[in-house]
Every structure is written in C-alpha cells, then in structure tokens.
Amino acid sequence: MNDAAHDLHAPHFIGIGGAGMSGLAKILAVRGATVSGSDAKESETVRALRELGATVFVGHAAEHLPAGTSSVVVSSAIRADNPELVAAQERGVPVVHRSDALAALMGGRRALAVAGTHGKTTTTSMLAVSLGELGLEPSYAIGGDLDAPGSNAHHGAGEIFVAEADESDRSFHKYAPEVAIVLNVELDHHANYASMEEIYESFETFVGRIRPGGTLVVSADHEGARELTRRVAGRDGLHVVTVGAAADADVRVLEVAAHGMTSEVTVELGGERLVFTVSVPGRHYAHNAVAALAAGVALGVPAEGLAKALGAYTGVRRRLQLKGEARGVQVIDSYAHHPTEMAADLEAIREAAGAGRVLVVFQPHLFSRTQQLAEEMGAALALADASVVLDIYPAREDPIPGVTAELIIDAARRAGADVRAEHDFAAAPAVLAGLARPGDLVLTMGAGDVTNLGPEILAALADVAPAV
C-alpha cells in the first residue's frame, strides 16, 4: 500500500471519525494498510473502523501516534497545535492532507469527481449506488453515509472511482478526474474565499485538472455555473456537457413530476427521451440525478440502464432523511446550511407535505457563513410555515462579535416568516412537539448537531396529547 508521493502503508488519521477522513481510512484498511487514528469521541463510525482492523484512540495525545506510522493524514480542520500533529513533526513523520491521500487512492482508476457549492454528497451517492446496481463495482468516497456507519466509502474491484470534490479549502485542485461534475458555483466558505472572483478562479483551476480528452458536466441553469462554462469554453481536449432545464442544455430536463417523496424525471439526451424515477423528493435532487446520468454516460455507461439504476438510490443520511413518525407527524433531517440548499429542501418538502404544514428547527452553521448570508437564510426560512432558530453551531470557528442567530431571525421576519429563537438546545424538542399537528412535517435543518434532535422530537411528540 505504497504511493509514489505518499507512503500510506501505515497511516495515522487525526480526526478519523469525520465524514471525509473515515472514508479514506476505510478504503486503506480494506486495501491492506495498517490504519490507526484518533477522534474526539466514541461513535458508530469509530466502531465500524475498528471492526475493519483499525486502531482508533478516543482523544488526542502524542502517545497515540504508533511507532511504525508511515504518514499522518490531516484535514483542514486540524489545528497546528494538535499534539499528534506536533509529535509527527518532531519525529519527522510525513504529514499528508486528506485531499492528497484521496488523490493517491484514485490513482490508476477512471476518476469521476463531483464538485459544486452544494449537492455534492447527494450526486456522488447517486453515482455510487447506480453504478453498483449495474455491477460495475465502483470505489467511492462520499462526504456522508448512504444508509449505515461506514457506508461513506468503498473499495470496489471495478475501474471507476467516484469522489466528492471539496472546494471549501481548494483541496479539489489535487484531483485529475476523467469526468468532473460542477453542479453550481456560489459564494460560500468566506474564511477561505474573499470574493466571487476567487471562487471562479478556484473552479477554473479544478476544471483545468480534468485529464486531456475528459469531460466537464456542468449545470446550464445556475448563473455561476454558466459563467464558469463561459470561462472554460474552447479549452483544448475538454468536452463540455451542460445539463438542466435551460433550452440550450445538452442534456435537458423536460419535466420533474412530484409523487409524494419521489419524483418522475423526463430528460432528453442524445435526441432520445428517457423517463426514470428518483426516490427522493424535489426538483433539486432530480437535477442532481440528471447530472449523475450525464457523467455516467460520459464514462461510457449506457444511458437507459443507468437511468433505471438511479431509481435504486433512496437517499443519504441527513439529506431529507425520514427519521420516523409519531402522532401523525413525520420528522425529516436535512443537512442544508447554505441558503440555496435550505430553499431547495423546503420546496421539496412543501411538495411532499400536501395539505400539512412544514415546521423547521434550524441551526445556523459557522459564524462567518451567518455574517455573510443571514439575509438569504432568513428569506429561505420564510418558505416554512413556522421556524425555530437555534444558536449558531461554531464548528471550527471562534465567535465573531455581533454575529448571532438574531441576524437570521430578523431577516426571516422581514421576509414574512413565523419564526422564533430558542437558545436552550435541550428545550427544542418540546417546542416543536407543541407546535406540530397531525399531517405536519418537521424538518431538523443544519450541518451541526441539530441532527440529534430528530429522535427527541419523535419522543416528545409521542408524549404530547393530540390537540382537541
């Protein structure tokens, strides 16, 4: 398990329980590497890695770094004073960024990289599932679990490797895919990008990494993606395939018909019409499926078979995932934290709710994102019938003076939303249970630990007497 640039035969992952890191650790373990790592807490993911033979410590300490470590793998979230990182540097152990490790794993495979400000995890998952359904045995690395801990990555016997390509820290510049998808290009990740121009330049660099003769599949509907297409048009050795509802799209979405929690999609591809089912609701997810279809066809997968196989995708954890039902109220979990994602998920759930109301408990993610996009987040929440907004989940950031969830709440009220603040995280389940009526849909929304509230809301609902 050696790589020419990075020795990964005995890697140690700092933060091994994270979505991206755990996937790489899993693939390396299955390929025969001696994997070790550490994480802040015990989790299902950590236990799944141990079952594959990895040695995983809880907590970070210099003594956790094994004597035979060949390299230490880190993500951009690992701080310079992490004791294991400091120990590695003192001992002269090579430090490898997660993106470099993923690039090494993709070496020798037909790589398909999925990029965009949002929708990456869903689209990558759709490809992983559908290509697997067709017996192509792809390898994949995804930023979320499909249906169980450890299902965010797989080492397959086939020649295709599907990977989520993260633009947030420019790490997607490390990959050299045969086919790349760009779903959208929008302003985000304000700690790393000072302007929209910087984001365009970053995506141009990513497109420049596509192998000669390779294909860029890009949205024809999002203005940022169309601008990127204009910027890269005419590059030698690059095939560009546009997808979307726009009249000039190469692969055109003709219709998305909602049927509860599923959608029937009609597309025109190569002069032929295809109709297939996507087993998740909403136009946003249907368009992700069409991008996956176009990318698979660019790799030589027959369109009709792939379209049918896409129907096998039933979702990824935290992407409009049904957590359960109690007292006639369904509770659904959404990872959406950027305004475009929030609006797309709320519109999708609105279609699925029918006559029921859509209630949201939203947890803002990152102070910097809230500072820049509070107005847009508030406008998105106006699409719900009622919203409860929690305090900001800081993740890797320190507080910014004056930046609180009140910025979003004020914006939401200006947009006409019925919204209230809840500063006590533990009190939120009872608040939502008190608001909900039979037939309503409750959405837990955000990239932080708001996902943990789903089971608690269901329990609170079960304890609340039906309204008379």
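The values are calculated or read from the model by the stated rules, or taken from the named source; none is laboratory data. Please read these numbers as outputs of a predicted model, since none were measured by experiment. Here Cβ is always computed from backbone atoms with ideal geometry, including for glycine, and neighbour counts include all displayed protein chains. Please note that ligands, DNA and RNA were not included when accessible areas were found on the heavy atoms of the full protein model with its side chains. Shrake-Rupley method; radii C 1.70, N 1.55, O 1.52, S 1.80 Å.
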For region 146-227, list the strands (runs of 3 or more DSSP E) that sit wholly inside it and hold at least 1 residues that are closer than 13 Å to Met106 by Cβ and open to solvent by less than 50 Å² (accessible area, probe 1.4 Å); which are they? 160-164, 179-182
If Ser263 passes every condition in (1) touching a residue at least 40 places away in the same chain (Cβ under 8 Å); (2) closer than 21 Å to Glu133 by Cα; (3) buried (at least 20 other Cβ atoms within 10 Å of the Cβ); (4) among the hydroxyl-bearing types (Ser, Thr, Tyr) but one, which one does it miss? (1)
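A quick yes/no check of all residues on (1) in contact with a strand residue (DSSP E or B) (Cβ under 7 Å, 6 or more places away or on another chain); (2) part of a helix (DSSP H, G or I):
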site	(1), (2)
Gly17	yes, no
Ala25	yes, yes
Leu28	yes, yes
Lys41	yes, no
Ala48	no, yes
Gly53	no, no
Val56	yes, no
Gly68	no, no
Ile78	yes, no
Considering region 79-127, residues that are under 22 Å from Arg396 (Cα atoms) and of a type in the set (Lys, Arg), and then whichever is nearest to the chain's Cα centre (by Cα), we arrive at Lys120
Take Ala257 and decide whether it is open to solvent by less than 40 Å² (accessible area, probe 1.4 Å), part of a helix (DSSP H, G or I), of a type in the set (A, V, I, L, M, F, W, C) and out of contact with any His (no Cβ under 6 Å at 6 or more places or on another chain). no
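Residues in region 364-404 that are in a loop (DSSP other than H, G, I, E, B) and over 19 Å from the mean Cα position of the chain (by Cα): how many?
Residues in region 364-404 being in a loop (DSSP other than H, G, I, E, B) and over 19 Å from the mean Cα position of the chain (by Cα): 15 in total.
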Pairs, please: C-beta under 7 Å, at least 6 apart or cross-chain, first residue modelled with pLDDT of 95 or more and in region 227-255, second exposed (fewer than 15 other Cβ atoms within 10 Å of the Cβ) and in a strand (DSSP E or B)? Arg252/Glu268; Leu254/Glu268
Given the criterion surrounded by 15 or more Cβ atoms within 10 Å (Cβ to Cβ), within 27 Å of Glu341 (Cβ to Cβ) and in contact (Cβ under 8 Å) with a residue 24 or more places away in the chain, identify the matching residue among Ser76, Ser71. Ser76
Those residues that are surrounded by fewer than 20 Cβ atoms within 10 Å (Cβ to Cβ), closer than 16 Å to Leu373 by Cα and either under 26 Å from the mean Cα position of the chain (by Cα) or not charged (D, E, K, R) (or both), I need them from region 408-430; list them, please. Ala415
Selection count where residues are surrounded by fewer than 15 Cβ atoms within 10 Å (Cβ to Cβ) and of a type outside the set (A, V, I, L, M), scope region 79-95: 6
When every residue in region 387-397 that is at pLDDT 90 or above and not hydrophobic (A, V, I, L, M, F, W, C) is compared, the one surrounded by the most Cβ atoms within 10 Å (Cβ to Cβ) is Ser387
Pairs, please: C-beta under 6 Å, at least 6 apart or cross-chain, first residue under 18 Å from Gly448 (Cα atoms) and in region 404-425, second among the charged types (D, E, K, R) and surrounded by fewer than 21 Cβ atoms within 10 Å (Cβ to Cβ)? Ala405/Asp391; His423/Asp391
Scan region 98-117 and give yes if some residue there is of a type outside the set (Ser, Thr, Tyr), touching a Ser or Thr at 6+ places or on another chain (Cβ under 6 Å), modelled with pLDDT of 90 or more and farther than 26 Å from Asn192 by Cα, otherwise no. no
